[in-house]
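The values are calculated or read from the model by the stated rules, or taken from the named source; none is laboratory data. Keep in mind that what you see is a predicted model, and the values were worked out from it rather than measured. All Cβ positions, glycine included, derive from the backbone under ideal geometry; neighbour counts span all protein chains shown.
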Amino acid sequence: MPDHDSGVSARPGGDAELPGRRTHQRRSVLDALIDSDGFVSAQSLYGAVRAAGVHLGLSTVYRTLAAFSEAGLADVVRDTNGERLFRFRPSGNHQHYLLCRHCGFSDPVESSAVEAWARTIAETSGFAQVEHTVELTGVCADCVRGDAQQPPHAAPAGGATRAARPPGQAGSA
């Protein structure tokens with residue numbers, strides 16, 4: 001259970017410092033993000049937090065998610081419509097994902113070559129504070145077979161419809 005006074009979650013994998021102001025609303029957004037399976041939209045998180053009885057504005061959710069992303073607490077991808085989707089990042093390690101364009105399933109991918117390439121570009125270009133975005137999308141094996149559940153935008157508030165498979169593992173969720 002989170003400790004709302006200290007700003008630190010006592011959940012397994014959720015020992016995350018809240019960036020910026022430590023408010024009940026921010027803690028509630030973080031808790032909803034941690035509880036989500038896979039990537040989730042700001043709108044879905046907003047619905048989940050409101051359903052839990054917390055009063056906040058959608059703009060607060062967007063600002064909070066932006067702060068979480070900046071602080072390394074959330075990974076961000078864009079869906080096929082360009083909407084940003086967020087996922088709790090339990091470690092400080094930047095991660096890339098392969099995202100199914102049909103159902104929203106996400107699978108972490110090994111990306112050391114991309115990270116090395118980005119570092120090399122930064123070192124050789126003279127640029128500082130270089131950041132990168134790599135979006136990998138496709139159609140998962142379940143969707144190809146017709147076994148996948150509904151697309152993520154039709155999913156209930158709270159997030160993706162399927163649990164993530166372990167990195168690099170193919171097949172059903």
Are there any pairs, at least 6 apart or on different chains, whose C-beta atoms fall under 7 Å, with the first in region 65-79 and under 23 Å from THR137 (Cβ atoms) and in the same structural domain as VAL29 (by TED's automatic domain parsing) and the second surrounded by fewer than 20 Cβ atoms within 10 Å (Cβ to Cβ) and among the hydrophobic types (A, V, I, L, M, F, W, C), and if so, which? SER69/VAL76
Please work out if VAL61 is aliphatic (A, V, I, L, M), modelled with pLDDT under 95 and within 23 Å of ASN81 (Cα to Cα). no
Conditions: (1) surrounded by fewer than 13 Cβ atoms within 10 Å (Cβ to Cβ); (2) at pLDDT 85 or above; (3) not hydrophobic (A, V, I, L, M, F, W, C). ASN93 meets all but one. Number of the miss? (2)
Of (1) modelled with pLDDT under 85; (2) touching a strand residue (DSSP E or B) at 6+ places or on another chain (Cβ under 8 Å), VAL77 satisfies every one except (1)
Within region 112-141, considering residues that are in contact with a His (Cβ under 9 Å, 6 or more places away or on another chain) and of a type in the set (Asp, Glu), the one modelled with the lowest pLDDT: GLU135
Modelled with pLDDT of 90 or more, under 26 Å from VAL49 (Cα atoms), surrounded by 15 or more Cβ atoms within 10 Å (Cβ to Cβ) and hydrophobic (A, V, I, L, M, F, W, C): which single residue out of PHE105, PHE68 fits that description? PHE68
Identify all residues within region 82-116 that are assigned to a loop (DSSP other than H, G, I, E, B) and without any contact (Cβ under 8 Å) to a residue 24 or more places away in the chain; write none if there are none. GLY82, ARG89, SER91, GLY92, ASN93, HIS94, GLN95, SER111
